[in-house]
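Each remark here refers to the structure printed beneath this line.
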Amino acid sequence: MAFYRSMPIPVRDLVRSRAMTMLVTLAFAAPVFFAPAYLVSGSLRAEVAVSDYLGFVLFWIGYALLAGGAHLCVELTISGRSMFAVQCVFVAGVFAALFVLYAGYQVPLATSVMDLVRAYGPALPAASLLLGAAGFWVGARVTGRRLARRDLSA
């Protein structure tokens, strides 16, 4: 934020710019991340229909939107030292949750999500996308309001 303080850029534009950068990055990175796994692996294509894999991808895009909204808020509103602590606690919590899930069920997370997508059809990816988009929007709004209250001119 020290760099932004020296520039006459409105807070609204700072948040919108970062949010748009995140969305464009997601739009380009998601196909690059998910497509090769499906196209290269013949066994995955044999076991999973294209529609199920698309639902799986949309589920994770919704999760990425939700996490992106939280990251936007943390990145722009919290000091560097506090941000590091928050990220460490968050990552430790995610790893603990994954460990508990794997130890309890002995099923990898991706397989569990794929089974859920198959069981619930398009409802699960749609819900994930809606919740993710809402979380991203809330994260951007909270970030804008918190930054508007801060004195960024100093």
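A few points about this structure:
- Cα extents for the range 19-58 along the principal axes, largest to smallest and rounded to whole angstrom: 37, 17, 8.
- For the range 11-152, the per residue solvent-accessible surface stands at 64 Å², with DNA, RNA and ligands left out and a 1.4 Å probe.
- Of all accessible heavy-atom area on the range 11-152, the percent that carbon and sulfur account for (1.4 Å): 73
- Length added when fully stretched, Ala97-Phe84, from 0.36 nm per residue minus Cα-Cα: 2.7 nm
- Taking the square roots of five times each eigenvalue of the Cα gyration tensor of the range 11-152, the equivalent ellipsoid has semi-axes of 32, 19, 13 Å, listed largest first.
The values are calculated or read from the model by the stated rules, or taken from the named source; none is laboratory data. As the structure is a computational prediction, the values presented were derived from the model and not from experiment. Side chains are part of the model used for accessible areas, which takes the heavy atoms of the whole protein and leaves out ligands, DNA and RNA. Shrake-Rupley method; radii C 1.70, N 1.55, O 1.52, S 1.80 Å.
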